[in-house]
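Structure record follows, encoded as structure tokens.
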Amino acid sequence: MEKIVDDIKEFIEKRNWRQFHTPDCLAKSISIEAGELLECFQWNNDYDKEHVLEEVADVLIYGLQMCIALDVNPEEIIRSKMEKNAKKYPVEKAKGNSTKYSDFK
Ligand SMILES: [Mg+2]
């Protein structure tokens, strides 16, 4: 993960784009790219996988750019959130169903 973050940093620095990468602008950009991803499925499920993957990459790149802007390690925050998710969704309650944790009995 470090290598890809370094490559993204280099891409940004070469273009002097860091000035535009405020957390609010990056949050908007993540949402815009997520919308573009959703658009791939707008009218039917006959999606173009190559296009879908490009939009997934856009979302991930902006997510990593947010980590750069906030000076946090993406692997650490992903692991931290996965630990929280594992507690919210224990296997014995969550296995094989899509029930939201707040609705577990
Ligand atoms: Mg896009």
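A few remarks follow.
- Residues (more than 30 Å from GLN65 (Cβ to Cβ) and surrounded by 11 or more Cβ atoms within 10 Å (Cβ to Cβ)) located in segment 77-105: PRO90, LYS93, ALA94, THR99, PHE104
- Filtered residues of segment 1-21 (kept if touching a residue at least 12 places away in the same chain (Cβ under 8 Å), part of a loop (DSSP other than H, G, I, E, B) and open to solvent by 50 Å² or more (accessible area, probe 1.4 Å)): MET1
- Leading residue by the ranking (farthest from ILE4 (Cα to Cα)) among those in segment 40-55 that are more than 9 Å from the ligand (Cβ to nearest atom) and either open to solvent by less than 50 Å² (accessible area, probe 1.4 Å) or among the acidic types (Asp, Glu) (or both): ASP46
- Inter-residue pairs, beta-carbon under 7 Å, first among the aromatic types (Phe, Trp, Tyr) and in segment 24-52, second open to solvent by 90 Å² or more (accessible area, probe 1.4 Å), 6+ apart: PHE41/TYR47
The values are calculated or read from the model by the stated rules, or taken from the named source; none is laboratory data. Treat the numbers as computed from the prediction; the structure is a model and nothing was measured. Virtual Cβ from ideal backbone geometry, glycine too; neighbours counted across all protein chains shown. Heads up: the accessible areas ignore ligands, DNA and RNA and are worked out on the full protein's heavy atoms, side chains in. Shrake-Rupley method; radii C 1.70, N 1.55, O 1.52, S 1.80 Å.
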